[in-house]
1. Restricting attention to strands (runs of 3 or more DSSP E) lying wholly within the range 30-112, give those where 2 or more residues are without any contact (Cβ under 8 Å) to a residue 40 or more places away in the chain.
2. Here are some residues: R154, R178. Which one is at pLDDT below 95 and not in a loop (DSSP other than H, G, I, E, B)?
3. Out of the residues in the range 288-323 that are among the small types (G, A, S) and crowded, with 22+ Cβ neighbours inside 10 Å, which is farthest from C357 (Cα to Cα)?
4. Return only the number of the condition from (1) farther than 13 Å from R193 by Cβ; (2) surrounded by 20 or more Cβ atoms within 10 Å (Cβ to Cβ) that T263 does not satisfy.
5. If you go through the range 113-121 one residue at a time, do you hit one that is closer than 25 Å to S191 by Cα, touching a Leu at 6+ places or on another chain (Cβ under 9 Å) and not aliphatic (A, V, I, L, M)?
6. Only one of (1) of a type outside the set (S, T, Y); (2) crowded, with 20+ Cβ neighbours inside 10 Å; (3) touching an Asp or Glu at 6+ places or on another chain (Cβ under 9 Å) fails for V38. Which number is that?
7. Could you pull out the residue among F100, F138 that is of a type in the set (F, W, Y), in contact with a Ser or Thr (Cβ under 9 Å, 6 or more places away or on another chain) and closer than 22 Å to Q183 by Cα?
8. For G251, all conditions in the list (1) in contact (Cβ under 8 Å) with a residue 60 or more places away in the chain; (2) over 25 Å from V144 (Cα atoms) hold save one; what is the number of the exception?
Amino acid sequence: MLGFLAARQAGVDDPLRLRRAESTRRVLGLQLNPDRDVDRIHGNGINTIDIDSIEGRYMLSGGADGVIVVYDLENFSGKPQYTCKAVCTVGRSSRHVHKFSVETVQWYPYDTGMFVSSSFDKTMKVWDTETLKPAEVFEFEGNVYSHHLSPIARKHSLIAVGTKNPKIQLCDLKSGSRIHVLQGHRAEVLSVRWSPRYEHILATASADSKVKVWDVRRASGSLLTLDRHNGDKSKASSEAVNTAHNGRVNGLCFTGDGLYLLTTGTDDRMRLWNSATGENTLVNYGKVCNESRKRLQFTVSRGCSPEFVFVPCGSSVAVYALHTGELVTMLRGHYNNVDCCEFHPDYQELYSGGKDCNILAWVPVLRASDVEEESNSTNTGAVGQSSVNPAFQDAWSSDED
């Protein structure tokens, strides 16, 4: 890495290449950090976590016990060993607590003074962080599996909500009312995600094996219904026309630039789609174990080349190369199934939560081979590279803008 710095200083290398190379090296060096703990508050499994995008300092968690916790990830002790403390908790003693399992939590994208939670108690609550009281409560006819606020929206303040009802609900944060429904699915909607590229584009995944992409400004129906066979009718049976998976689709995740959409299903498959055309890119990730009947929260790295996907897989987190499908590593540390993981783009760190009631921090570790490589690059004056998984050495060294 010192070689990269020397090359950038001499003007023979691009600063963006340096940043991507370092981000990639940090992700490839992720390990369970024995010096960092996260307060264990939940008495039951952890279903969902979210890190605020404003400061990158506060983390939310929601559990099967109905409890919501806010953690401070910052280390003010000056010591390498520290615990991420729970700042505040909506516990069982609160009269505002969710009665049943919390399925999704999310910070308001523009301010940490507010967050949103949804639950199997058929409600979605908009919380004031200071008072820990709901400023607004939306009630639905069935269990709420997922909700999502757009990370980029300026012209609307809609929350998309997936429930046991096949109709997707659009709730307006400003008016406090449900203003529209999107009809097209035939079973419960397990996951919803707004595009990080276009503020009116929404993707939805359902137990009917389908993934639909919507422009919420249009009332005529969905823009796309993803087809894993790319329209090849000879490969599709009459029952499986325009289906994204051969089973329940319970996971959605856009890449950071919004150009691609990842989906996971109970057919133990993960697929990568072109979000503009709806084309299945046919990247083969192999068997991606998925036994969840509910929403599965997985995530994608940002700022790396190549990018990586972090997917809960049993009691581990599987790390895949986004565009080749190759399994890079398995992060093992949980004692029970992992249900959610969230990537911290500022520090290339990963947080995961599972049924063992633990939240684990996975942080980049500088290996001895990296130190030796840096020492050699300094002595020779050459542009240095860290020792990484050989499968990614070429991609890392030939990083493109």
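1. 68-72
2. None of the others qualify; the one that does is R178.
3. S301
4. It is condition (1) that T263 fails.
5. Checked the range 113-121: at least one residue is closer than 25 Å to S191 by Cα, touching a Leu at 6+ places or on another chain (Cβ under 9 Å) and not aliphatic (A, V, I, L, M).
6. (3)
7. F138
8. In the conditions (1) in contact (Cβ under 8 Å) with a residue 60 or more places away in the chain; (2) over 25 Å from V144 (Cα atoms), G251 misses (2) alone.
The values are calculated or read from the model by the stated rules, or taken from the named source; none is laboratory data. If you're wondering where the values come from, they're calculated on a predicted model, not measured in any experiment. Cβ atoms come from the backbone with ideal geometry, glycine included; neighbour counts cover every protein chain shown.
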